[in-house]
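Please treat every number below as a calculation from the coordinates, not as lab data. Everything numeric here is computed off the predicted structure, so don't read it as measured data. Cβ: placed from backbone, ideal geometry, glycine included. Neighbour counts: every protein chain shown.
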Amino acid sequence: PETTVLASTEFPFEQHIEGLSNVSYCWSPNGNFALLRLPDFWRCSLYYDPSLTFEQAIEPDHIQLQLNEIFDNPDPYEIIDSRPYQVHQRIVDDFRVGRVLLVGDAAHVCSPSGGMGLNGGIHDAFNLVENLVGIWQGADLALLDRYTRQRRPVVQSAILQQADQNRQRMTQKDPEARASSLQRMREIASTPELAREYLLKSSMIYGLRRAATIA
């Protein structure tokens with residue numbers, strides 16, 4: 001699995017970086033980083049040079065170096081905590097094992113890029129509730145097997161695949177590939193039909209519609 005360094009700091013990036021959103025995935029000349037704004041601090045996901053060992057990447061001096069590449073702070077950053085984060089991509093064979101039903105990260109894990117895991121877990125829960133209501137109304141317990149039939153193929157094609165595409169785009173370092181990716185996004189944003197298609201897919205609404213067609 002791919003490993004990044006998570007570092008949290010109270011430094012107010014929003015006051016120093018124009019146009020920064022609460023969740024920002026960023027390219028930099030020397031690599032990539034992500035910033036997530038929480039109520040009291042920013043969590044920074046730092047992708048380090050693969051020539052370094054993780055032990056070198058987690059060193060306080062190296063974290064300071066990477067944070068200064070985000071914003072050149074004249075003072076040392078105050079780091080609240082720092083730790084490794086491993087990006088996994090896995091899915092179980094069956095979302096139901098007897099009376100145990102798996103939802104969200106218990107059933108599938110993926111790159112956090114784009115929030116596909118959390119939102120996919122919410123979709124799991126909605127689907128499962130629909131099937132549980134059927135059981136409560138008198139349907140056979142075998143109805144619960146439909147939960148796996150409906151959700152697993154959607155998770156594979158609409159969540160894991162999209163999350164991995166997000167991760168690959170996020171970690172892209174080639175300038176030409178970056179420019180091509182940005183140009184493609186501009187084309188999508190400027191074309192209503194393409195924009196609608198993109199939003200239906202990225203919001204996983206297509207996945208919900210597909211699941212509904214599976215008996």
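The table below lists the values:
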item: Placed amide H near I80: partners under 5 Å, 5+ positions off or other chain; result: S8, T9, E10
item: J(HN,Hα) series, the stretch 85-97, from Karplus relation 6.51 cos²θ - 1.76 cosθ + 1.60, nearest Hz, glycine and proline x; result: 9, 9, 8, 10, 9, 8, 8, 6, 6, 9, 7, 10, 10
item: Correct option for log10 I(q)/I(0) by the Debye sum over Cα atoms at q = 0.08 Å⁻¹ [calculated from the coordinates] among [x] -0.31; [y] -0.42; [z] -0.37; result: [z]
item: Karplus 3J(HN,Hα) series, Hz, for the stretch 62-79 with 6.51 cos²θ - 1.76 cosθ + 1.60 (x for Gly, Pro); result: 6, 4, 4, 4, 5, 5, 6, 6, 6, 8, 6, 8, x, 10, x, 5, 8, 8
item: Cα long-axis angle, helix 161-170 against the chain (0 to 90 degrees, to the nearest 10); result: 10
item: Highest average packing first - 3-11, 32-40, Cβ atoms within 10 Å; result: 3-11, 32-40
item: The chain: angle of helix 145-154 to the longest principal axis, Cα-based, in degrees nearest 10; result: 40
item: Local electrostatic count, G104, Cβ distance below 14 Å [Lys/Arg +1, Asp/Glu -1]; result: +1
